[in-house]
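Comments concern the structure below.
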Amino acid sequence: MTLADMETLVYARPASLTEMPTHYCPGCTHGVAHRLIAEVIDEMNLRERTIGVASVGCSVFAYNYFDFDWVQAPHGRAPAMATGIKRVLPDRLVITYQGDGDMASIGMGEVVHAAARGENITVFFINNANYGMTGGQMAPTTLPGQKTTTSPHGRDVETQGYPVRAAELISTLEGASYVVRRSLHDPKNIRLAKKAIRLALETQVRGLGFSMVELLSICPTNWGMTPVQSLKWLEEHMIPYFPLGDYKVHPAVAEIKV
Amino acid sequence: MPPKGRIVVNDLYCKGCELCVAACPQEVMGLDMSRITTKGYHPATLIKEGCTGCGVCAVVCPEAAITVYREVVRPRVAAAA
């Protein structure tokens, strides 16, 4: 009797991830988001025709970690670059992977217009409520009262305004077909996030238009907490402000069975 | 009897973040304080018996460092027939 007869493989590292260890801080859920995208691309057998567009921010090195083609867009311009790639190569699966500093601030114009045009691309938006890469400055998604390195007394909405709820905003656009928000703070929500990623990619494969998955993520280093405390902080503070849910599901997308 | 499982943690990727330790439903995971990886972290490991191979540690692992195996329980078809 061989070992294979006695035990079954429950989980192994997805083939769409390279063998390179990530540069992310311990516990950073960027890694979970990477893993889920890689798992879904493996399951859909799309690795050979996927092109990713990396953003600027912590996720700038995404092209080192995924084992398929990537290009690196200027800050915030990933949806514009993805538009060009998808229009020239319509048979490819084109995804962007952007953080909140990239998509919700400098790149807000690009993503809004890509969605309004109904570009057949998929945007993965990682929301961790600050600018992670540059040292935890206040981002458009920073919560009211949240302390960051540029809002040391907490975000004051009178002078610094309110956080941007990107999923709600994009969902108002006619061209967007699938816009949802999920969280990566516990196993159940990670599984729901994976389903959403699958549905977003199915939306694109079927040519149904723009899809976006917003993923609430932790930033333990810049929040000044341990990874486990960060998950609790996300659940207690971020989810009430950024409610999880489906903000736009086109009837044609709702019919997809996976 | 609950199913038996085991995990293999790849030292190349594990950064000792302890998300798997906190998520493990059987509470059988911990950091291996006797070892340090080349990146300088104490890697996660099984610290006691009782792993069921449920795979929750792999679901929360940000580094995809964990491979999970579960023992196959053969249905006793022959005995029933």
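Quick note: the coordinates plus some simple rules give every number you see, no bench work behind them. Computed from a predicted structure; not experimentally measured. For neighbour counting, all protein chains shown are included, and Cβ atoms are generated from backbone atoms with ideal geometry for every residue, glycine included.
For the reader, a short list of remarks on this structure follows.
- Within a Gaussian network of chain A (alpha carbon springs, distance under 10 Å), most fluctuating of A:D246, A:D100, A:D186: A:D186
- Where labels lie 7 Å past Cα in the beta-carbon direction, separation of A:E174 and B:I36 in nm: 6.3 nm
- In Hz, Karplus ³J(HN,Hα) per residue of the range A:120-127 (6.51, -1.76, 1.60; θ = phi - 60°; x = Gly, Pro): 7, 10, 10, 10, 9, 10, 9, 10
- Residue with peak Gaussian network fluctuation, chain A [Cα springs, cutoff 10 Å], from A:R117, A:R155, A:R13: A:R13
- Averaging the sequence gap over all C-alpha pairs within less than 8 Å and six or more residues apart, then dividing by the number of residues, gives chain A a relative contact order of 18 percent.
- Neighbour-limited loop hits for GluC sites (Glu not before Pro), the range A:134-218 (at most 14 other Cβ within 10 Å; DSSP other than H, G, I, E, B): A:E174
- Part-to-part distance (alpha-carbon centres) for the range A:37-93 and the range A:155-170, which is given in Å: 28 Å
- Cβ-defined net charge surrounding A:H185, 13 Å radius [Lys, Arg +1; Asp, Glu -1]: +2
- Net charge, A:L216 excluded, C-beta distance under 14 Å - Lys, Arg +1, Asp, Glu -1: -1
- For chain B, the Kirkwood estimate of hydrodynamic radius, built from reciprocal distances between every pair of different alpha carbons, is 13.5 Å.
- Think of the range A:3-254 as a dipole: +1 on every Lys or Arg Cβ, -1 on every Asp or Glu Cβ, centred on the Cα centre; then among A:I37, A:Y65, A:V228, A:I37 lies furthest on the positive end.
- Relative contact order (percent, whole number), the range A:105-161, Cα cutoff 8 Å, 6+ residue spacing: 20 percent
- Unsatisfied cross-links (Cα-Cα over 25 Å) in the set A:K257/B:K4; A:K194/A:K257; A:K147/A:K195; A:K232/B:K4; A:K86/B:K15: A:K257/B:K4; A:K147/A:K195; A:K232/B:K4; A:K86/B:K15
- Sites matching GluC sites (Glu not before Pro) across chain B that sit in DSSP coil, with at most 15 neighbouring C-beta atoms within 10 Å: B:E27, B:E49
- Mean ellipticity per residue at 222 nm, deg cm²/dmol - from DSSP H runs of n ≥ 4 across chain A, formula -39500 (n - 2.57): -9000 deg cm²/dmol
- DSSP-assigned coil residues among trypsin sites (Lys or Arg not before Pro) in the range B:1-58, each with at most 10 further Cβ atoms within 10 Å: B:K48
- Difference of contour (0.36 nm per residue) and Cα-Cα distance, A:Q137 to A:M44: 29.7 nm
- Here the convex hull built on the C-alpha positions of the range A:3-254 has a volume of 132 cubic angstrom per residue.
- Between the beta carbons of A:R117 and A:D246, assuming R0 = 22 Å, the FRET efficiency works out to 0.50 to the nearest 0.05.
- The dipole here belongs to the range A:78-225: it is taken about the Cα centre, uses +1 on the Cβ of Lys and Arg and -1 on the Cβ of Asp and Glu, and is about 540 debye.
- Between the beta carbons of A:A15 and A:T226, assuming R0 = 45 Å, the FRET efficiency works out to 0.90 to the nearest 0.05.
- Two-site label geometry, A:N64 and A:R87: point separation in nm, points 7 Å out along Cα→Cβ: 3.3 nm
- In nm, spacing of pseudo-spin labels at B:V73 and A:D156 (7 Å Cα→C-beta vector): 6.2 nm
- Assuming charge only on the beta carbon of Lys and Arg (+1) and of Asp and Glu (-1), the dipole of the range A:3-138 about its Cα centre is about 520 debye to the nearest 20.
- Taking A:T148, A:T96, A:T18 in turn, the Gaussian network model of chain A (Cα-Cα springs below 10 Å) assigns the largest fluctuation to A:T18.
- Charged side chains reduced to their Cβ positions (Lys and Arg at +1, Asp and Glu at -1) give the protein assembly as shown a dipole of some 400 debye around its Cα centre.
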